[in-house]
Amino acid sequence: MALLPIIYAPDPRLKIKCRPVETVDQSVRDLTRDMLETMYAAPGIGLSAPQIGDTRRILVCDVTREGEDRQPIQLVNPEIVWSSDELYLAEEGCLSLPDHFAEIERPSEVRIRYLDQQGESQEMSADGLLAACVQHEMDHLEGILFVDYLSPLKRNIILRKMKKLKRQKEAA
Ligand SMILES: [Zn+2]
C-alpha cells in the first residue's frame, strides 16, 4: 500500500487524454488500491489516475459520509451509456485544486459501463452526488478540470492562486 503524491493544477499532466486499460492485471489492481488509499487519506470523495501521474483510464470514488461504512467504487475504462436530461447543480471541489470550489451543473443521473477489478464488464447507475463525482472524475480522464466550465475570468483567478500556492510549496 502506498500514498501517492497528488498533482496540483495547473500542470500539463492534468490536461492529457488518458488511454484505455487493455488488461485488468495486478498492476491495475495495485494502482486502484493505492488511489483509494490516497483519496481516503487526502481526504476526498474521488480521484482519477492522471491526478497521481498515471495515464490509464481509472478512477475511484466514495461519497459516503464520515461514520458510514465505506463504499469504494473502482472504475476502469468508464463510459457513460445514458444520461438524464434533468440536471443537478452541485458545488464541486478537486484534490488537484485544494480550497477552490464552484457550482457545476451536470446530468443528475447517469448509467456507466466499466470494467471491474477482475476485468469483467459491468454497469452501474448513479444519481445526485455520486453521479456528479463520477462525471467529474471521468472529465479528468479527458484532461478536463472543473474550472474549465467557469468563465475565463473566474478560471484565471483560481489558477493564479494555484500557481502562487505551488511556488510557496516549492520554496518551503
Ligand atoms: Zn478533480
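The values are calculated or read from the model by the stated rules, or taken from the named source; none is laboratory data. Since the structure is predicted, the reported quantities are computational estimates derived from the model, not experimental observations. Methodologically, a virtual Cβ is constructed for each residue, glycine included, from the backbone with ideal geometry; neighbour enumeration extends over all protein chains shown. These area figures cover heavy atoms from the full protein model, side chains too; ligands, DNA and RNA do not enter into them. Shrake-Rupley method; radii C 1.70, N 1.55, O 1.52, S 1.80 Å.
Once every DSSP H run of n ≥ 4 in the chain is given -39500 (n - 2.57) and the sum is divided by its residues, what mean residue ellipticity at 222 nm do you get, rounded to the nearest 500 deg cm²/dmol?
Details: 3 runs with 50 residues, N = 172.
Computed ellipticity for the chain at 222 nm equals -9500 deg cm²/dmol.
Lys and Arg at +1, Asp and Glu at -1: add these up for the other residues within a Cβ distance under 14 Å of residue 48 and post the number.
Details: positive: 13, 15, 17, 19, 56, 57; negative: 11, 34, 54, 62, 92, 137, 139, 142.
Net charge in that neighbourhood comes out at -2.
Give the relative contact order (percent, whole number) for segment 12-171; include only Cα pairs under 8 Å separated by 6+ residues.
Over segment 12-171, the number comes to 23 percent.
Quick one: if you stick a label point 7 Å off each Cα along the C-beta vector at residue 55 and residue 129, how many nm between them?
3.5 nm
Where does the charge balance sit around residue 31 when Lys and Arg score +1, Asp and Glu -1, over other residues with C-beta under 9 Å from its C-beta? Don't jump to the answer; show the numbers that get you there.
Details: positive: 29, 33, 56; negative: 30, 34, 54.
Around residue 31, the charge tally is 0.
Over the chain, with the other protein chains present, what is the accessible area per residue in square angstrom, probe 1.4 angstrom? Don't skip to the answer; put the middle values down first.
Numbers: 9550 Å² over 172 residues.
Computed with neighbouring chains in place, this is 56 Å² per residue.
Report residue 88's accessible area, 1.4 Å probe, all protein chains in place, as a number in Å² to the nearest 10.
Roll a 1.4 Å probe over it and residue 88 shows about 80 Å².
What does the convex hull of the alpha-carbon atoms of segment 12-171 project to on average, in nm²? Display every interim value, and only then the final one.
Details: hull surface 39.8 nm².
Quarter of the Cα hull surface area: 9.9 nm².
Given a Förster distance of 41 Å, report the FRET efficiency between residue 83 and residue 41 from their Cβ-Cβ distance, rounded to the nearest 0.05.
Given R0 = 41 Å and the Cβ-Cβ separation, E is 0.85.
When the accessible area of segment 12-171 is split by element with a 1.4 Å probe, what percent falls to carbon and sulfur? Kindly include the intermediate steps, with their values, before the conclusion.
Working: 4120 of 8800 Å².
Here it works out to 47 percent.
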